[in-house]
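The values are calculated or read from the model by the stated rules, or taken from the named source; none is laboratory data. In this text, all values refer to a predicted model and were calculated from it rather than measured experimentally. Note that each Cβ is placed from the backbone with ideal geometry, even for glycine, and that neighbours are counted across all protein chains shown.
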Amino acid sequence: MRRKKRASPEPCAVGSRGSIPPCSTGRRSKTVIAVTQGDCSNTQALTEILDHQGIKIIHFNYPYDRNPDLLKKNMEALMESFGVACRR
């Protein structure tokens with residue numbers, strides 16, 4: 001009998017619309033990436049609610065002015081929070 005490979009949970013993110021997209025697994029996410037700064041003004045309040053509900057929040061600061069250097073720095077910080085690196 002072959003074992004079925006277990007699927008990884010589908011990622012969900014918190015956006016400026018103030019909602020969590022439903023995951024196809026039907027399970028509630030234990031961790032979300034919250035995109036803050038930029039035009040994501042409502043996200044901070046939503047992350048506080050989710051944090052209070054015991055959901056782990058990983059913040060990603062999208063630069064308001066879309067500065068490529070700052071965006072790269074923030075992407076590297078996000079990758080570091082997951083313990084991954086970008087191969088070139």
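Would you be able to say whether some residue in region 12-24 is among the hydrophobic types (A, V, I, L, M, F, W, C) and either modelled with pLDDT of 90 or more or loosely packed, with under 10 Cβ neighbours inside 10 Å (or both)?
No, region 12-24 contains no residue that is among the hydrophobic types (A, V, I, L, M, F, W, C) and either modelled with pLDDT of 90 or more or loosely packed, with under 10 Cβ neighbours inside 10 Å (or both).
Which one is nearest to the chain's Cα centre (by Cα), of the residues in region 42-76 that are aliphatic (A, V, I, L, M) and surrounded by 12 or more Cβ atoms within 10 Å (Cβ to Cβ)?
Restricting to residues being aliphatic (A, V, I, L, M) and surrounded by 12 or more Cβ atoms within 10 Å (Cβ to Cβ), the top hit is Ile58.
If I ask for residues that are of a type in the set (A, V, I, L, M, F, W, C) and more than 30 Å from Arg28 (Cβ to Cβ), which ones from region 48-70 would you list?
Leu70
For residues that are among the polar types (S, T, N, Q), in contact with a Ser or Thr (Cβ under 9 Å, 6 or more places away or on another chain) and not in a helix (DSSP H, G or I), tally how many sit in region 42-79.
Result for region 42-79: 2.
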